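Colleague: Input: one structure, supplied below.
Throughout, read-outs are computed from the coordinates displayed, never taken from laboratory work. In this text, all values refer to a predicted model and were calculated from it rather than measured experimentally. Positions of Cβ are backbone-derived with ideal geometry, glycine not excepted, and every protein chain shown enters the neighbour counts.
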Amino acid sequence: MLKNVPSILNGDILKVLCDMGHGDSLAIVDANYPAMTMGKRVIQVPGSTATDMLKAVMMYFPLDHIMENPALLMAVEKKDRESFGGMGPEIFSQFDAIIHQASGKFTSQISRQDFYDMSRDSYCILQTGEERLYGDIIIYKGPVVS
């Protein structure tokens, strides 16, 4: 155990965050995501939500300040839009608030296929126990600036 580190960030996750370099991406995904098919490295954290994981990660993770869109969400599929009443899922606004509070940036959306392609290239996929649909985000690491 370490002081002042959220227990959701186990040793494997902390190592990944430390080992990642500028421009590497990290995918935080929900329980439905095909993480084992997509990822080179997958860490499963079934007792967590995607928003709690993102909040904990962003305490230590500098977002890429050069990229225009360093935080990407999987856009809602046309067939799912009706179930959200024409609005995006509530989790999108929660992701956006976490990203904005930590970095001053906002999330943007990419197609499902682009999200899948980018997650394959991610340094690591953290698969949470998130049960809400579209509980998936990719973030790009920036440099630590003193």
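Colleague: Compute the separation of the alpha-carbon centres of segment 1-50 and segment 54-126 and state it in Å as a whole number.
Modeller: Computed from Cα coordinates, the inter-centre distance equals 15 Å.
Colleague: How much net charge surrounds Thr128 when only other residues with a Cβ under 12 Å from its Cβ are counted (Lys, Arg +1; Asp, Glu -1)?
Modeller: Neighbourhood net charge equals -3.
Colleague: Could you run the Karplus curve 6.51 cos²θ - 1.76 cosθ + 1.60 with θ = phi - 60° over segment 126-135 and give me ³J(HN,Hα) per residue in whole Hz, x for Gly and Pro?
Modeller: 9, 9, 8, x, 3, 9, 6, 5, 6, x
Colleague: Taking the chain, how many lysine pairs are there with alpha carbons less than 22 Å apart, if each pair must be eight or more places apart or span two chains?
Modeller: Lysine pairs, 8 or more places apart or on different chains, close enough: 9.
Colleague: Continuing with this model, one more query. If you wrap the chain's Cα atoms in a convex hull and average its projection over all directions, what's the area in nm²?
Modeller: Mean projected area of the Cα convex hull: 8.7 nm².
Colleague: Return the distance in nm (one decimal) between the two label points of a simple spin-label model at Glu82 and Gln113, each offset 7 Å from Cα along Cα→Cβ.
Modeller: 2.4
Colleague: Give a residue-ordered list of calculated ³J(HN,Hα) values for segment 103-117 (Karplus: 6.51 cos²θ - 1.76 cosθ + 1.60, θ = phi - 60°; whole Hz; x for Gly, Pro).
Modeller: Each residue of segment 103-117 in turn: 9, x, 9, 10, 7, 9, 10, 10, 5, 4, 5, 5, 4, 4, 4 Hz.
Colleague: So what does the Cα-only Debye profile of segment 52-92 read at q = 0.32 Å⁻¹, as log10 I(q)/I(0), no solvent term?
Modeller: Taking Cα atoms of segment 52-92 as identical point scatterers yields -1.09.
Colleague: Related question: Could you compute how fast segment 55-122 diffuses translationally, taking Rh as the Kirkwood radius over C-alpha pairs and applying Stokes-Einstein at 25 °C with viscosity 0.890 mPa s? Give it in µm² per second. Write out the running numbers ahead of the final one.
Modeller: On the way: Rh = 13.1 Å.
Roughly 187 µm²/s, to the nearest whole number.
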